[in-house]
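Asks: Below you'll find the structure I mean.
The values are calculated or read from the model by the stated rules, or taken from the named source; none is laboratory data. Only a predicted model underlies this, so the values are computations on that prediction, with no experimental measurement involved. Ideal geometry is used to build each Cβ from the backbone, glycine not excepted, and the neighbour counts take in all protein chains shown.
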Amino acid sequence: MKKQNFDSLFVPTYKRDGAPIVKGKGSWLYDADDKKYLDFGSGIAVNALGHAHPALTSAIKKQAAKVIHSSNLYFSQAQIDLAAHLLKNSFGDKLFFCNSGTEANEAAIKFARKKASGTAGKYHVLSFTQGFHGRTYGALSATPQEKFHAGFKPLLEGFHCSELNDIKAAKKILDSHKFAAVIIEPLQGEGGVNPVSTEFLKFLREYTEKNSIALIFDEIQCGMGRTGTLWNYQQHKVVPDMMTLAKPIGGGLPLGVVICSENFSSALSPGDHGTTFGGNPVACALGYEVLKIVSAKPFLKEVQQKGSYLKKKLTVLKKEVSGIEDIRGAGLLIGVQMKEDPVTVVHECKSKGLLVVKAGRNTIRFMPPLTVSTSEIDKAVAIFKSVISKK
Ligand SMILES: Cc1ncc(COP(=O)(O)O)c(C=O)c1O
């Protein structure tokens, strides 16, 4: 296709080039020039079942023929089916549907503040270095990374940041104000695929429980089977009060969820919070299919096996080349920390037909569809190797 400048159409919030994507199948995406890409970004951890999965295309057709939107003024059968299945498969007693990750975190923070609103000054929120929780003001205020704040201040009052995995530092801040919520990704994605220690999560659980503070796990990126268990918190055996979900849960359509214990949901009354589109029936119908497939034990076992396979291959590669500093992550959320800014590596991988996503300052995220095959993993690592061997 003739080279065109599509940038002229959009507010410049993304840097992108190349022909537009027009279709996908399994782990592959195709652009308008029919160039194919092995999609190890999964639309930023969204396409858990890859592209054009038959269960999703069939569910979308079926639900669209029934009802596409009916609002949250009435019960919706598609919402009920997904809600029951999500609660059965998690710690939650009740849930709230919205449209995105940032909205899920906004809602969770509001729920925590509502619960704490009977105690004067109990509105503070703690998050951790390199965390990422979204772009709207509440979630952005809980995202302690200056690069996302620049030009958008003032942020909201009462938000604090502590060093990830540092119990002493967290205790000091927690002791200094009346906190309503602590929000944390049990495995950080956007910030560089940074693991959180079980000891740290256990400390947060004990402290928050003792002081009636909401412990919110943001599993928007690391949940829904991505790390080899349905929820990442299961690997730590630490259960939060609320968990936020988005990305893969809508099967590629916008859907966010706050899963809530009764202790916090009971603070809310009709009219306290709402959304026109949240829990759209078509998105929920897809969510039901994704959850049914991903929550099956044999499926999760395969994610673990394929994740170990990918990690092992990358570890072998680290010994063969000089540019890799570290390899981190769990399941099929693997971060390869490079010695230098990997922006050109990501670009060259795309030229050679492999899509990967930068995270943090110098990490490259490998997060293929959970349905990826081992031969596709082999291909992806071979392309990555050919790019970084030149460096
Ligand atoms: C852990 C985490 N929380 C929240 C968000 C925000 O989600 P959304 O882009 O759907 O608003 C993201 C997106 O990258 C994320 O990775």
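Asks: Being part of a helix (DSSP H, G or I), over 16 Å from the mean Cα position of the chain (by Cα), more than 15 Å from the ligand (Cβ to nearest atom) and in contact (Cβ under 8 Å) with a residue 24 or more places away in the chain: is that true of LEU126 here?
Replies: Spelling it out, it is not the case that LEU126 is part of a helix (DSSP H, G or I), over 16 Å from the mean Cα position of the chain (by Cα), more than 15 Å from the ligand (Cβ to nearest atom) and in contact (Cβ under 8 Å) with a residue 24 or more places away in the chain.
Asks: Let me ask you something else. Does at least one position in the range 115-123 carry a residue that is of a type outside the set (Asp, Glu), over 29 Å from CYS161 (Cβ atoms) and out of contact with any helix residue (DSSP H, G or I) (no Cβ under 6 Å at 6 or more places or on another chain)?
Replies: No: the range 115-123 contains no residue that is of a type outside the set (Asp, Glu), over 29 Å from CYS161 (Cβ atoms) and out of contact with any helix residue (DSSP H, G or I) (no Cβ under 6 Å at 6 or more places or on another chain).
Asks: Identify all residues within the range 333-361 that are surrounded by fewer than 24 Cβ atoms within 10 Å (Cβ to Cβ), outside any strand (DSSP E or B) and under 19 Å from the mean Cα position of the chain (by Cα); write none if there are none.
Replies: If the condition is that a residue be surrounded by fewer than 24 Cβ atoms within 10 Å (Cβ to Cβ), outside any strand (DSSP E or B) and under 19 Å from the mean Cα position of the chain (by Cα), then GLY360, ARG361 are the ones that fit.
Asks: So, of the residues in the range 133-150 that are assigned to a loop (DSSP other than H, G, I, E, B) and within 13 Å of GLU103 (Cα to Cα), which turns out to be farthest from the ligand (Cβ to nearest atom)?
Replies: Filtering first and then ranking leaves ALA142.
Asks: Same structure, new question: Can you find, within the range 163-207, the residue that is surrounded by the fewest Cβ atoms within 10 Å (Cβ to Cβ) among those that are under 17 Å from GLN145 (Cα atoms) and touching a Cys at 6+ places or on another chain (Cβ under 9 Å)?
Replies: If we take residues in the range 163-207 being under 17 Å from GLN145 (Cα atoms) and touching a Cys at 6+ places or on another chain (Cβ under 9 Å), then LEU187 is surrounded by the fewest Cβ atoms within 10 Å (Cβ to Cβ).
Asks: Please pick out the residue among PRO254, PRO270, PRO248 that is without any contact (Cβ under 8 Å) to a residue 60 or more places away in the chain and not assigned by TED's automatic domain parsing to the domain that holds THR371.
Replies: PRO270
Asks: State whether the residues of the range 47-60 include one that is modelled with pLDDT of 95 or more, within 16 Å of the ligand (Cβ to nearest atom), of a type outside the set (Val, Ile, Thr) and farther than 21 Å from ASP272 by Cβ.
Replies: Within the range 47-60, one or more residues are modelled with pLDDT of 95 or more, within 16 Å of the ligand (Cβ to nearest atom), of a type outside the set (Val, Ile, Thr) and farther than 21 Å from ASP272 by Cβ.
Asks: Then there's this: Kindly establish whether PHE91 is away from the ligand (no atom under 12 Å from the Cβ), hydrophobic (A, V, I, L, M, F, W, C), at pLDDT 95 or above and assigned to a helix (DSSP H, G or I).
Replies: Answer is no for this residue.
Asks: Considering only the range 362-391, state which residues are at pLDDT below 95 and assigned to a loop (DSSP other than H, G, I, E, B).
Replies: LYS390, LYS391
Asks: What number of residues in the range 209-232 are surrounded by 24 or more Cβ atoms within 10 Å (Cβ to Cβ) and within 16 Å of the chain's Cα centre (by Cα)?
Replies: Result for the range 209-232: 14.
Matching residues to (1) in a loop (DSSP other than H, G, I, E, B); (2) within 12 Å of the ligand (Cβ to nearest atom); (3) under 30 Å from GLY287 (Cβ atoms):
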| position | (1), (2), (3) |
| --- | --- |
| LEU156 | yes, no, yes |
| LYS172 | no, no, no |
| ALA180 | no, no, yes |
| GLY223 | yes, yes, yes |
| THR227 | yes, no, yes |
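Asks: Let me spell it out: the conditions are (1) more than 16 Å from the ligand (Cβ to nearest atom); (2) more than 19 Å from MET242 (Cα to Cα), and GLU190 meets all of them except one. Which number is the exception?
Replies: (1)
Asks: Further question: Between GLY274, GLY279, which is of a type outside the set (Phe, Trp, Tyr), over 15 Å from the mean Cα position of the chain (by Cα), outside any helix (DSSP H, G or I) and over 17 Å from ILE220 (Cβ atoms)?
Replies: Being of a type outside the set (Phe, Trp, Tyr), over 15 Å from the mean Cα position of the chain (by Cα), outside any helix (DSSP H, G or I) and over 17 Å from ILE220 (Cβ atoms) holds for just one of GLY274, GLY279, which is GLY274.
Asks: Please work out if ASP7 is part of a loop (DSSP other than H, G, I, E, B) and either acidic (Asp, Glu) or in contact with a His (Cβ under 6 Å, 6 or more places away or on another chain) (or both).
Replies: no
Asks: Pairs needed: first member in the range 157-170, free of Cβ contacts under 8 Å to residues at least 12 places away in the same chain; second member anywhere, of a type in the set (Asp, Glu) and in a strand (DSSP E or B); C-beta distance under 7 Å; at least 6 residues apart or different chains.
Replies: Filtered contacts from the range 157-170: no entries.
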